[in-house]
1. Consider Met54 carefully, then state whether it is in a helix (DSSP H, G or I), at pLDDT 90 or above, closer than 30 Å to Leu5 by Cβ and open to solvent by 20 Å² or more (accessible area, probe 1.4 Å).
2. Within region 90-111, how many residues are under 16 Å from Thr174 (Cβ atoms) and open to solvent by 20 Å² or more (accessible area, probe 1.4 Å)?
3. Given Ile162, Ile140, which one is β-branched (Val, Ile, Thr) and either assigned to a strand (DSSP E or B) or within 27 Å of Asp757 (Cα to Cα) (or both)?
4. Is it fair to say Gly542 is modelled with pLDDT under 95, under 22 Å from Gln406 (Cβ atoms) and outside any loop (DSSP other than H, G, I, E, B)?
5. So, Gly191, is that one outside any strand (DSSP E or B), out of contact with any Gly (no Cβ under 7 Å at 6 or more places or on another chain) and more than 30 Å from Ala401 (Cβ to Cβ) or not?
6. Got a sec? Which of Ala28, Ala32, Ala60, Ala36 is surrounded by fewer than 18 Cβ atoms within 10 Å (Cβ to Cβ), part of a helix (DSSP H, G or I) and touching a helix residue (DSSP H, G or I) at 6+ places or on another chain (Cβ under 7 Å)?
7. When you check Asn2 against the structure, is it open to solvent by 40 Å² or more (accessible area, probe 1.4 Å) and in contact (Cβ under 8 Å) with a residue 24 or more places away in the chain, yes or no?
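The values are calculated or read from the model by the stated rules, or taken from the named source; none is laboratory data. Owing to the predicted nature of the structure, the values given are computational and were not obtained by experimental measurement. Cβ atoms come from the backbone with ideal geometry, glycine included; neighbour counts cover every protein chain shown. For the accessible areas, the whole protein counts, side chains as well, though only heavy atoms, and no ligand, DNA or RNA atoms are used. Shrake-Rupley method; radii C 1.70, N 1.55, O 1.52, S 1.80 Å.
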Amino acid sequence: MNSLLASTAAGIFCASNLPLQTRPLMIASVIAFVVAALTVVRNRRESFVACSIMFMIVGAMRFQAVDTLPPDDISTFANQRIAVNGRIVDAPDYTLIDHNLYIARFNVEVDSVKTLNGIEHASGRVRLTARMSEPPDARIDDRISAIGKLSLPINYNNPGQIDSTNLLKTDGITARMSVTKSAINFEPVDGSLATKFLRAMAAVRQHYKDMLDSAMPSDDAAAIFAMLFGGYGGLRAELIESFTTVGIVHILSVSGSHISILAAAAGALASLLKLRRASKFMIGCAIIVSYAILSGCVPPVIRSAATGCLTFFALAFNRQRDARRLLTIVALIMLLFNPLLLFHISFQLSFTATAGILFLSPLINRRLEKLNPNDHKLISAISMSIACTLGATILPQPVVAWYFNQLSISSLLANLIVTPILEVIIVAGLAAGLIAFVVPPLAKFICVLLSLAFGAAYELTSLLAKLPRSSIYFPTLQPIAAVAYYAFIALIVRRSTLIKYFLIAALIAVPIGFVLDRDEGMRVHFIDVHQGDCALVITPHGRAMMFDTGGVREHNYDLGGRVVVPYLKHFGVTHLDYIFLSHSDADHCEAVGSLLDKMPVDHIITSHEPRERYADSFGMSEGDRRLDVMRAAVENETFEVDGVKVKVIYSPKDIVGGANEFSNVYRVTYGAASFLITGDLTVEGEHAIIDRDIGSTVLKVGHHGSLTSSSEEFIRAVAPKYTVICVGANNTFGHPRHEIVERLERSGATIKRTDIDGAIVFTTDGNNLRVSTCR
């Protein structure tokens, strides 16, 4: 069964990366089915191979079927101002971002749109976002209409980046629209029996929220509500960071851990009542299913509930082997139903963590039990907790390393000290909500105690997070290394001869893979930060510099912390020698604030603009001592790091105009390869340096391809082989302008764009130059 799951996943992966044709796949699937059926009927050894091939083809076909959108999908109306009509399919989400100002989000199943051509039929889902002074009285299945410009979901196409577009598409959402309160209307609908049930569940969740808000500070209420039902709305950034550092951030959103807590509580209750195993299993599943319904039956909750029931089955009947098979079957069914889950971080972490508990934890626990010859119950409980923590940490680690590059050393302590407190808070919080229907004063008293308990848990978490080496950097595992990692674990679990040979082959391939993957020379990364500039230079011996850092201010989105810093860590960068900034516009330097928070930065070189202007863009105070590493560039000065030279071509002082006119120009050289970084340099600035040494192999096109830059004379003087346009997909500025693109095409240069290609990486040994892209 495991081989069928692996084959299905391989087929999905191939279909997502290769241009496979539907008709040949259908023919191949029929042939594979016939061959598989014959080999199974005749009990031939080849049946294993035939079935694996058949499931691989089925996986590829399912991906194509789900990934291909219908002609009337709402996304086909992107970049148009339209009116959408549909119904609300999930409970609306409201986040308080300021005093009496909310961000409201509605997931809408669209049935029609109104364009300049009239009313047209449409399908699919759109996420509507609106700023409101107070949450409207909107419910699941109510009709909704809104007018605004439709856009495609924003995604940062970088290696190791969580694919937000795929996350939304997994839930059927393929477009987004931001509207004002006046441009959105609601129409109440009675709804079916199922709708009334879902509304009742939403009302119960609101009951819990109101109960918590009335009994404790808003920060504690937001955190405990997140622990009960998921969602990061209203949580302090410091809290999320501390929980992440100690490896327990999953407890702030509905996950398998919540289901396990409820399963444990159900098991304890059943043991207290001295029920039989079958009754214990039925009670546990009933509690898990009820909680899943109460949480809204969103896909992550359904996946967690399914895996939680499996875990409870194993514990209740002591049948870990059967639970492992059922886990594989459930995962296979999920992938066949929605192949996009393969690329969903929630599915990846839930599946690997549950598999770790089922496959590895029993082995670890048996080892630990040898240290407890007297079978002391407290020691047994502690050893089981340690075994479960290690099992749920070891197996998902390649996934965690790919996305977060972190290994939490303090997670064992956190799970032994903090997690039990949080588990009690979850169980008691759910109970308090039920008590509030009968004895409100008692429920309020319980909530006060919960607030005090959470305060203690948070203080303990903060203390653990501040310990030296509480969390350490864990490098990204290349695919071949991840294969060897899991092969080694498989050897430990199964110890079969086939696994041994597989392990030996993988261990031989690992060093070869690393040698082939190693780059002897300089690498220049143009990172996809949407509508902004951001470039990373990694020298031949691993030292790093940045040229602009990108940044946007959209609903307080921390681009530096969520895009730039993860990108750097993904490629092993934990220290920056230099940050070279072109000018002070936020889309070029806002992320500096997050970089200074997350890693050492030796020097920041700026244009001749005031310190306060940069501090404002960084989101820092002008007097912050970390800004003492910042100084203005001097024309014609040269910096050298590990054989890579950076020359300041242009750094104007006495300029009248905006920040763009102050743009510095840097030329990076390594051997015969050179890169000209121009920021938002205007045509006037281009004319000022046209007679200088600006000829370069690669030109970073000025101002995202705007008409204010990239004159014919300047492009001719640079004479680039490649041009890079850092620009956001479907941006509102119309960048890059078609006139600029045509001008670059006429120059004969190869054009690369972050909106089309994602992250763009140039690798050079000083003579040869090659380029790769994320898409």
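1. The answer is no for Met54.
2. Residues flagged as under 16 Å from Thr174 (Cβ atoms) and open to solvent by 20 Å² or more (accessible area, probe 1.4 Å) within region 90-111 amount to 5.
3. On inspection, the qualifying residue turns out to be Ile162.
4. no
5. Yes: the conditions hold for Gly191.
6. Within the list Ala28, Ala32, Ala60, Ala36, the selection yields Ala28.
7. So Asn2 fits the description; yes.
Here is a yes/no grid of residues against (1) of a type in the set (Val, Ile, Thr); (2) at pLDDT 90 or above; (3) within 26 Å of Arg199 (Cβ to Cβ):
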{"position": "Pro92", "(1), (2), (3)": "no, no, yes"}
{"position": "Thr95", "(1), (2), (3)": "yes, no, yes"}
{"position": "Arg125", "(1), (2), (3)": "no, yes, yes"}
{"position": "Leu150", "(1), (2), (3)": "no, yes, no"}
{"position": "Pro153", "(1), (2), (3)": "no, no, no"}
